[in-house]
Every structure is written in structure tokens, then in C-alpha cells.
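Taking it in order: structure first as C-alpha cells, then the write-up.
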């Protein structure tokens, strides 16, 4: 188990901007790796109401459960590695295994027993070190849609903001308001439930 504060900047991209960044950083197809985020909440979106999100991230044969919740600065992430059989059990039942993530969820909402699997978001991702932070280029697929995104994860918010803004300016990419992946996923899911 681990906890950390996540400070990141995000910007949605067009497909052309995504390819411009690939060219700018000389990325190859082999630089991109696939990961799948499996999302959970209660039918009444209890975690979402607290600004929190619960996922299991699958990368190759590794599974990590993460609860993200608002913190004074950025997001507090509580992480817990899972065995593949435990991960499959959570996906099928919504029942969390004992540990720090379950404890954090239980302290946040009273109806954790109602958690259920909401769906998956698949991302093809390239990561590279950039000016003291981690630059992430994502192409994501979920609920019959896809999008492109640039993220910049840093430890110093002020310096990270300067570097991120400068990169967008150099490449003539406009700054766009960008929700995180789970918010985009839930907006699409909620829309589908209303149809």
C-alpha cells in the first residue's frame, strides 16, 4: 500500500495535435503501452459525489487498486497491489479486499457494500521525462468513444504549470479545460443511463 499526492496538468488534444506531439518528441509505436482502468462506484454515484474515484488499473499481468480523493493540493491516491484472482473477484462482485483502499473507501462512504463495476477505459500511453516531471501522451477508448490527452505530472505545481504552458505555446496547442479520465468516463456513462 502507498499514498501520494498527485499534481498534474491536463489538456485535451485533437488527433492532429496528438500526432504533432508524437513527432515533436520522436516517439515510436513501441513507446506506447496499453493499460486498462476498471471503474467502480455505487448505483447512486456515492464516490463521485465526494469527488473521489475508485479503479483497478491493469497493466500487463499487474493489477493495482487506487482510490483518488481530493486533497489540499492535488489528489490523494491510496494504492494497493492486487493478485489477478482477487482483481477478477472485485470485478465480478464489487466487494473490496481488506486493506488500506477498503479502509479509505469505508471512511468516505457508508454504502461501500453497494459498489459495482461500471466499465472500463483502455488507454494506449507513452511516458517521458520532461523538465523535472513526467509527460504522458494518452489515446483512450471507452463506452463507444475515444479521445486524446496530454498530462504532465509534477512535484512542484508552480514550475510544472510554467513548463506545461510553455510546451503548449511552442506547439501552438490551445489550453482547454480538461476533466480527468474518470470524470469523462462517468459523464458518458451517466448520459448512456439517461438514454
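A few notes on this one:
- Comparing Cα centroids, the stretch 133-175 and the stretch 76-123 end up 28 angstrom apart.
- Length available on full extension from residue 33 to residue 61: 0.36 nm per residue minus the Cα-Cα distance, which gives 8.8 nm.
- Label assignment, Cα extents along the principal axes in Å derived from the structure, set [x] 60, 38, 32; [y] 49, 35, 33; [z] 53, 44, 23: [y]
- Between the Cα long axis of helix 181-194 and the first principal axis of the chain there is an angle of about 60°, rounded to the nearest 10.
- Alpha carbon centroid spacing (whole Å) that separates the stretch 54-74 from the stretch 3-38: 17
- Across the chain, the mean sequence separation of Cα contacts (distance under 8 Å, 6 or more residues apart), normalised by length, yields a relative contact order of 27 percent.
Since every read-out is calculated from the coordinates, none of them should be taken as a lab result. Since this is a predicted model, take the numbers as computed values, not measurements.
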